[in-house]
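Just below is one structure, and these are the notes that go with it.
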Amino acid sequence: MPTLGADLLLQELRFLLFDVLDAEALLVRPTFNHLDQLDLECILTAADDLAKREFGPIADIIDREEPLLLQGNVTVHKAVARAFRAYADAGFLGASLHVESGGLQLPACVSTTLMAIFGAACTPAAGYGFLTTAAARIIQTFGDVWQKSTFLAPLRDGIWAGTMCLSEPHAGSALGEIHTKAVLRNDGCYNVTGTKMWISGGDQDFTANIAHLVLARIDGGTSNASGLSLLIVPKMSLDGSSNKVSTIGLNHKLGHRGTSNCALTFGTDGPSTGYLIGKPHAGLSYMFQMMNEARIGVGVTAAATAYAAYRYATEYARTRLQGRDPETGAQVAIVGHADVKRMLLMQRAICDGGLCLCLFGARMVDDSQSHPDPVEASRAGILLKLLTPLIKLWCSERGLEANSLAIQVMGGAGYVRDHPVERLFRDQRLNPIHEGTNGVLAIDFILRGVRRDGGEALLQLLSRITSELASIDGDKELALSKTLAESVSMIQACAAILVASEKGVARAWASPFALCVGDTLVAWLWLRQIKAMRGHSDSVALSKQAAALCFSQLILPQSMAVIKNIIEGNSPPYNDPDTDLLVD
Ligand SMILES: Cc1cc2nc3c(=O)[nH]c(=O)nc-3n(C[C@H](O)[C@H](O)[C@H](O)COP(=O)(O)OP(=O)(O)OC[C@H]3O[C@@H](n4cnc5c(N)ncnc54)[C@H](O)[C@@H]3O)c2cc1C
């Protein structure tokens with residue numbers, strides 16, 4: 001039975017998790033059989049309560065009162081410290097850690113749902129917790145016994161926080177350019193020196209210490225990205241003295257203002273001690289193994305950020321009077337205007353579609369790690385690898401459009417700081433940039449994903465979608481499935497061309513192609529949502545159907561129109577070396 005209620009995020013997420021993606025089926029697997037359905041319900045409700053109590057109410061405040069850098073130390077708003085503490089005390093930092101590490105060992109689709117709940121309430125505050133968990137998970141997976149016993153518990157309990165230190169001023173997308181060095185000492189530790197840029201949570205004043213996970217070069221590695229190593233470099237040494245990690249600057253950002261974002265130097269006036277994780281020169285591969293989940297995490301906070309704005313715009317549209325009913329002459333709320341409804345439904349189509357896409361991706365993480373049939377587990381792993389860049393890319397790209405529409409629905413009121421849609425738009429703007437820019441991810445999708453196996457994994461997915469089109473019931477499902485069938489065959493044709501083309505051509509078409517594949521996936525997941533509501537004709541089911549149709553009539557055809565150029569053999573103008581952008 002669908003559990004979707006009137007309009008709450010929690011109810012929407014329950015619907016996606018249990019009715020569309022059958023998360024309950026995971027609970028019989030040995031990895032998750034310490035949990036039952038009631039446990040999951042309690043955890044979701046506790047998260048929703050905490051998000052509403054400690055995170056939602058501080059979002060505007062911490063946006064206005066940014067972190068400060070005073071005499072080398074960063075201070076953040078006290079409300080962030082309170083929210084982080086409450087999050088840690090409730091056990092959410094350990095939600096996805098193994099039971100042996102003192103965690104809850106939740107399925108990834110459930111921990112991703114928690115990220116949506118906290119992300120919708122206040123991603124900039126929740127980000128400190130997300131990063132801390134990510135650092136703990138890397139240490140749990142790749143750290144040695146001493147590292148686990150030293151760092152895991154304080155990270156899990158929020159005594160320490162964690163960061164990811166990859167980027168440098170001159171090395172963003174091209175991590176192979178990283179200069180930070182780590183030199184082996186006689187005691188087996190490393191002296192780390194270098195400058196890192198853009199480090200989220202790089203300094204703050206609410207945890208006793210910070211575990212920086214730093215990508216650096218140690219002797220003997222190649223000079224490219226595959227020569228990099230990963231080290232834990234604590235802000236304070238384990239004996240409590242300074243570990244010579246300095247904050248040399250705070251970035252003043254468009255959005256995400258509640259999260260401190262720092263330029264850090266390691267080892268400026270003395271050695272910063274680092275502890276090598278795993279093997280030398282394997283750092284990037286460790287990071288990449290965790291990247292699937294990190295990118296789904298960015299995707300889900302993007303979808304949640306769009307959802308929060310959509311909810312606010314809907315409430316506003318219900319009460320804002322503008323225009324009159326031509327028949328009665330009475331003033332009408334703007335929600336009654338077809339064009340405003342269009343904008344709200346487009347937002348819903350993107351938000352519910354994006355949330356479903358992320359939870360689907362997280363369900364593949366679960367299947368790849370716990371499916372009892374090894375063939376199915378491997379199939380899920382292959383699909384996950386292919387789709388992960390798309391999930392982040394699609395949610396942030398379309399999510400930003402949804403956030404823009406939320407402002408448009410509210411007219412001038414949406415453009416000023418009195419309403420949260422302005423802040424949410426600024427927050428969303430980060431998502432196409434970090435965790436790999438969308439442009440770089442699209443190239444990754446086509447070159448390292450689609451082309452690697454001659455397009456086989458993508459074709460298998462498309463044939464799975466096609467087979468589900470066979471069981472269609474009712475005119476709404478039929479309408480959605482017709483556009484979906486068209487886009488599937490266009491993608492098949494484009495994939496064949498891009499697999500056979502020169503790399504330069506594939507790179508040039510990567511972004512439009514990836515967006516269209518993302519749109520197609522989301523349309524397919526919309527069909528699944530509509531199927532899960534079969535037999536229901538209440539207002540929730542009807543609005544879901546309307547949003548699904550909006551997706552297939554207004555959103556999917558946009559990207560299909562662009563990729564038609566690939567089939568027609570048109571060369572993109574920006575791929576012509578003779579096109580000079582610097583026109584006098
Ligand atoms: C608020 C914020 C928080 C961040 N948090 C962290 C963090 O915690 N830890 C961390 O390590 N980093 C963090 N980052 C850094 C982030 O990951 C980088 O900004 C991102 O990887 C892009 O790097 P860049 O800014 O140097 O842009 P560049 O790499 O210079 O890219 C600029 C443009 O060129 C394009 N481009 C670059 N290379 C190619 C290519 N080969 N082909 C096609 N197009 C290309 C990009 O798509 C982009 O549009 C953060 C950034 C921001 C803004």
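Which helices, counted as full DSSP H runs in the chain, have an axial Cα extent of no less than 27 Å and a Kyte-Doolittle average of -0.5 or above? For the chain, where a helix must reach 27 Å along its axis and average at least -0.5, the hits are 108-142, 283-319, 338-370, 374-409, 475-500, 503-532.
As a quick test, which of the pairs K235/K279; K52/K531; K253/K544; K196/K385; K253/K341; K52/K78 have an alpha carbon distance above 24 angstrom in this structure? Provide the component values of the computation, followed by the final result.
On the way: K235/K279 22 Å; K52/K531 31 Å; K253/K544 36 Å; K196/K385 28 Å; K253/K341 33 Å; K52/K78 17 Å.
Beyond 24 Å: K52/K531; K253/K544; K196/K385; K253/K341.
Radius of gyration (Cα atoms) of the chain, expressed as a multiple of 2.2 N^0.38 Å: 0.97.
The simple spin-label model puts a point 7 Å past each Cα toward its Cβ; for M236 and T31 those points are separated by 3.7 nm.
All other residues whose Cβ lies under 12 angstrom from that of L386 are scored, Lys and Arg at +1 and Asp and Glu at -1, for a net of +2.
Modelled spin labels at C189 and A500, positioned 7 Å past Cα toward Cβ, are 6.0 nm from each other. Within a straight-line Cα-Cα reach of under 20 Å, K244 can be paired with the following aspartates and glutamates, leaving aside sequence neighbours fewer than 8 residues apart in one chain: E168, D187, D203, D205, D269. The calculated FRET efficiency for I61 paired with T466, based on their beta-carbon distance and R0 = 35 Å, is about 0.10. Geometric descriptor of the range 452-584, per residue, is 119 Å³ (volume of the convex hull of the Cα atoms). Solvent-accessible area of the chain (1.4 angstrom probe, protein heavy atoms only): carbon and sulfur portion equals 55 percent. Convex hull of alpha carbon positions in the range 234-374: directionally averaged projected area 15.7 nm².
So with the 1.4 Å probe, I'd like the accessible area per residue for the chain, rounded to whole Å². Before the final figure, lay out the partial values.
On the way: 23740 Å² over 584 residues.
In whole numbers, the chain has 41 Å² accessible per residue.
Multiplying the residue separation of E177 and N570 by 0.36 nm and subtracting their alpha-carbon distance yields 138.0 nm.
Annotation for T319 and T222: the two label points, set 7 Å from Cα along the Cα-Cβ direction, are 6.0 nm apart.
The values are calculated or read from the model by the stated rules, or taken from the named source; none is laboratory data. Computed from a predicted structure; not experimentally measured. So basically every Cβ, Gly included, is an ideal-geometry build from the backbone, and we count neighbours across all protein chains shown. Heads up: the accessible areas ignore ligands, DNA and RNA and are worked out on the full protein's heavy atoms, side chains in. Shrake-Rupley method; radii C 1.70, N 1.55, O 1.52, S 1.80 Å.
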